[in-house]
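Visitor: Got a structure here, written out as structure tokens. Questions coming.
Read-outs: derived from the displayed coordinates by stated rules, not from any lab. Given the structure is predicted, the values throughout are model-derived calculations rather than measurements. Neighbour counts are summed over all protein chains in view; Cβ atoms, including those assigned to glycine, are modelled from backbone coordinates with ideal geometry.
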């Protein structure tokens, strides 16, 4: 059965949190509690670490239902197998005052997280999700898309922002590198 990529909708809130809850995070156990809410919460590192998995799960469901959390889920039949958190930069509370994004005018889309089921890794699903996110941003009239990939060869399963080649293959241009993290931009207009 071919993989189907769907835009996250309010009725998928429990599907998303169930997918995250059932994911194997043995490579990074502390990620289990995130539910892709890190960039949606503007707080200190200490405050973030004090949050519980159930708090983040409930917040994810609320943010999905009210449209604040956007992205795409990949399905193999009815089974979720991949996720990309791809949203309007303005919907990420943690990044609203980030100087790296202050020079961009207009609507900027940002890809912040990929979560691929272990059985579906190394099959280009992450690249397909990024490409679908770009197409989604283009259809919605965004001016550009930004990705912040990094390369961590010692732990490739922890490269949750994707890797540079995924963005380069889609025409993104590297505009910055800081502490091993890259900033790639694709102008859509």
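Visitor: Based solely on its DSSP helices, what 222 nm [θ] is calculated for the chain when runs of n ≥ 4 H residues each add -39,500 (n - 2.57) and the sum is averaged over all residues, nearest 500 deg cm²/dmol?
Guide: Rounded to the nearest 500, the figure is -7500 deg cm²/dmol.
Visitor: Would the chain count as rounded, prolate or oblate if I go by the C-alpha gyration tensor, calling it rounded below 1.5 in a/c and otherwise prolate when a/b exceeds b/c, oblate otherwise?
Guide: rounded
Visitor: Hey, with R₀ at 30 Å, roughly what FRET efficiency would residue 96 and residue 123 work out to, going by the Cβ-Cβ distance, to 0.05?
Guide: Taking R0 as 30 Å, the efficiency between residue 96 and residue 123 is 0.30.
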